[in-house]
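Have a look at the structure below, then the notes.
Derivation of every value follows stated rules applied to the coordinates shown; laboratory data play no part. Keep in mind that what you see is a predicted model, and the values were worked out from it rather than measured. All Cβ positions, even for glycine, are placed from backbone atoms using ideal geometry, and neighbour counts span all protein chains on display.
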Amino acid sequence: MTEATIYQTLLWSWFGVAAVTVVALCFLSAPYGRHARAGWGPTLASRWGWVIMETPAALVIAACFTVRPPSSPTAWIMLALWEMHYVNRAFIFPFRMPAGDKPMPVSIAAMGAFFNLVNGYLNGRWLTVFGHYDLDWLADPRFIGGIVVMATGFVINLRADAALRNLRAPGDTTYKIPVGGLYRLISCPNYFGEILEWTGWAILTWSPAGASFAVWTAANLAPRAWSHHRWYRQQFPDYPRTRRALIPFLL
């Protein structure tokens, strides 16, 4: 069996697993952060859980480029866009988290790491082996439009994370209602931004691997946004009733 056959089987199976995941997460909130609960085994500090989860995404795709360096600079630009997100998510974001964040189950960190291993492989091998991008792709409307969508999502995500950090004084572990920016309209602009990011990635790569990542991002974060939204309404009687969960004015 060739790698191409294995790759295609894994890729299309990945879409199927995403469909199962979104159904499961509609009924069961992943037990970390504000939804943390007992029964999921040993835990570790949340910041180290994030490092363990996100580091494979940064390293696996880089390994793909090391093993089979593409000749076109277009793929290297795509790699830089990927790493822009994951260097922040794996090595900067965790160390800016409040020290009092709830611990994360090791099982959740391990599942996140496994996802990122597979996802990094699928996207890395597409960019270096199975996909082909020449310099003309940089002027293609799909690449330009995808860059705009991805960059917009990245900025939204960063600003939403900063707003959450600024809610707490040092040593404060209580949850508060986020305000400002897109928090005026939705409960989870950080998730909205990340879904935009990887939708932009799917557009600019115009690839089944990119599409699978966009589908997975929505499958994971849309149900969690609804869980957050319900949690805010339960915890805060004065929570803004006009605020949506994930998409301004709609959802």
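Overview of values
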read-out: Meets criteria (within 18 Å of Thr205 (Cβ to Cβ) and not acidic (Asp, Glu)) for Cys26; value: no
read-out: Condition broken by Lys102, with the remaining ones in (1) in a loop (DSSP other than H, G, I, E, B); (2) among the basic types (Lys, Arg); (3) without any contact (Cβ under 8 Å) to a residue 40 or more places away in the chain satisfied; value: (3)
read-out: Matching residues in region 78-94 - criterion: being over 13 Å from the mean Cα position of the chain (by Cα) and farther than 17 Å from Val148 by Cα; value: Phe91, Ile92, Pro94
read-out: Any hit, region 189-207, residues being over 17 Å from His85 (Cβ atoms) and either in a helix (DSSP H, G or I) or of a type in the set (S, T, N, Q) (or both); value: no
read-out: Flag for Ser71 being in contact with a His (Cβ under 6 Å, 6 or more places away or on another chain) and outside any helix (DSSP H, G or I); value: no
read-out: Which numbered condition Pro141 fails, given (1) surrounded by 21 or more Cβ atoms within 10 Å (Cβ to Cβ); (2) farther than 26 Å from Arg37 by Cβ; (3) out of contact with any Cys (no Cβ under 9 Å at 6 or more places or on another chain); value: (1)
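Listed here are the residues, each with its yes/no results for (1) crowded, with 20+ Cβ neighbours inside 10 Å; (2) not polar (S, T, N, Q).
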{"residue": "Trp206", "(1), (2)": "no, yes"}
{"residue": "Ala211", "(1), (2)": "no, yes"}
{"residue": "Thr217", "(1), (2)": "yes, no"}
{"residue": "Ala225", "(1), (2)": "yes, yes"}
{"residue": "Gln234", "(1), (2)": "no, no"}
{"residue": "Pro240", "(1), (2)": "no, yes"}
{"residue": "Arg243", "(1), (2)": "no, yes"}
{"residue": "Leu246", "(1), (2)": "yes, yes"}
